[in-house]
């Protein structure tokens, strides 16, 4: 086997290896899904067994749930119980501004809904509180650490101003009934902000230290059981949940599994729950707090994701703690606002919330360039599908100097196909002779058998960058290209859903149009760019011609539509350029063979 043929084989192996690597990347099993299945029994055990009798006020459609504040049996010494109070209104209150709609719930002074008005999920605002049961809420209060149940006592709700809502309730520790203390939870929101503040005030009625000490912790604020939008499973492509810890320029993403929470007692800047397009970030501001990131199963949910912040014991009769949370879209534009005090109402700066964004070290720079280009084109033509096509054309123009010689070489290879076939017929099974004669023919005609591989290899960096872009760029979420067909460029297209799962591979039985168009364009492009090699039989050539597109068909079947739009039009342009050199612009004559003079002669 000559050197050029060996290189051709190596490059072919590289192409196939990259393809299977992408398949592994795109379809690897979800650890969250496996963990959730293993924890199913635990979820059943944790499901609340207490019945709640509900009545509905027909005039307001507000659910009224009588809550038992005082234990039916004597609480043990040291337990925290609410001071009896009968006149608490169970009715929820809704706060609405230009960005969010928040439902405030008197049960524990918590939040039962947190909707983002500018971002839709199946036609409705995305609810950042994904619950599976009526008793699941966010920003819950726990006495002690995160393992204790949330406080279910009713709080009194008062609106202090247009953007400030306050809950309060009195409690006492059994055995110290003469020292009741008041807990106040105050929510402060700002128009135009996804960042809000939660103040927790604990005031002892006696001039003594607040008697909350549970193994060194006073109380915990919890966010859970999961954040939205609603999903059926985590497959790491269409949706995922990640856990982030950021401190002094360093971001860590711990692997959190059921029963194995990530507990941090170090001072950090912030901790976060991250999804594909949305995130919940708790600012800890390097304070002495304990943070917990957990993935405990919850009733009615495919998988749970929780975030807890625990405060150490108090050393005064009055303590006020302030916490800030960002609950909103995971976009660079929104997150970077908190790096400059002039850009946000809270006057926060240098928070580096943009570190919550997904990043790819290898080709992130190329992805950012393509994102910028897409956004520029979209401002001129407000259709991301059209912007992708124009971007594809620009990419091909950028690659043109590199590809032109490849097209010319491939065209000359196509032109000598009859001569190659004559050599195979003439020497039959004498592979060594065929290789020698073909190498001489390649040299005489000035062509390279590697020319057909170059177009595909040159596009791989752009393919990988485009995959990252289409899979994570927020603006492509729900972007419509062709109404009724390609309605979300960040998701696979759907022509018809048969409503069942395909055995063995576990895919939903869905007919998609773009993968079929892709394989057609790939076959045309391959037939025009494929060149014969010395050690290849017709059967081997057909295997490369039809087998490789078939492999890519399965790899790309469930990828975002935007990626396939790019790849399809890239194939169309490649085929058109190669056809031009093969049929319209006849192959150039082979370059003259410059003979080098022998040593010692001039």
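The values are calculated or read from the model by the stated rules, or taken from the named source; none is laboratory data. Since the model is a prediction, treat every value here as computed from it, not as a measurement. Neighbour counts are summed over all protein chains in view; Cβ atoms, including those assigned to glycine, are modelled from backbone coordinates with ideal geometry.
Scan the stretch 225-235 and give yes if some residue there is closer than 25 Å to residue 91 by Cβ and assigned to a strand (DSSP E or B), otherwise no.
Scanning the stretch 225-235 turns up no residue that is closer than 25 Å to residue 91 by Cβ and assigned to a strand (DSSP E or B).
Output yes when any residue across the stretch 493-508 is free of Cβ contacts under 8 Å to residues at least 12 places away in the same chain, surrounded by 13 or more Cβ atoms within 10 Å (Cβ to Cβ) and in contact with a helix residue (DSSP H, G or I) (Cβ under 8 Å, 6 or more places away or on another chain), and no when none is.
No, that holds for no residue.
List the number of the failed condition for residue 541; all other conditions in (1) at pLDDT below 65; (2) outside any helix (DSSP H, G or I) hold.
It is condition (2) that residue 541 fails.
Considering only residues that are assigned to a loop (DSSP other than H, G, I, E, B) and at pLDDT 95 or above, look in the stretch 193-215 and name the one that is surrounded by the most Cβ atoms within 10 Å (Cβ to Cβ). Walk me through how you get there before you give the answer.
Step one: of the stretch 193-215, the residues assigned to a loop (DSSP other than H, G, I, E, B) are 193-194, 205-213, 215.
With at pLDDT 95 or above added as a condition, the list becomes 193-194.
Details: 193: 21, 194: 25.
Checking each candidate, the answer is 194.
Anything in the stretch 294-328 that is surrounded by fewer than 22 Cβ atoms within 10 Å (Cβ to Cβ) and in a strand (DSSP E or B)? List them, or say none.
311, 312, 318, 319, 320, 321, 322, 323, 324, listed by residue number.
Please count how many residues of the stretch 93-112 are closer than 21 Å to residue 169 by Cβ and either in a strand (DSSP E or B) or modelled with pLDDT under 95 (or both). Reasoning before the result, please.
First, the residues of the stretch 93-112 that are closer than 21 Å to residue 169 by Cβ: 93-95, 102-112.
If we keep only those that are either in a strand (DSSP E or B) or modelled with pLDDT under 95 (or both) too, we end up with 93-95, 102-105, 107, 110-112.
Count: 11.
Would you tally the residues in the stretch 162-192 being over 16 Å from residue 103 (Cα atoms) and either in contact with a strand residue (DSSP E or B) (Cβ under 8 Å, 6 or more places away or on another chain) or in a strand (DSSP E or B) (or both)?
The total comes to 16.
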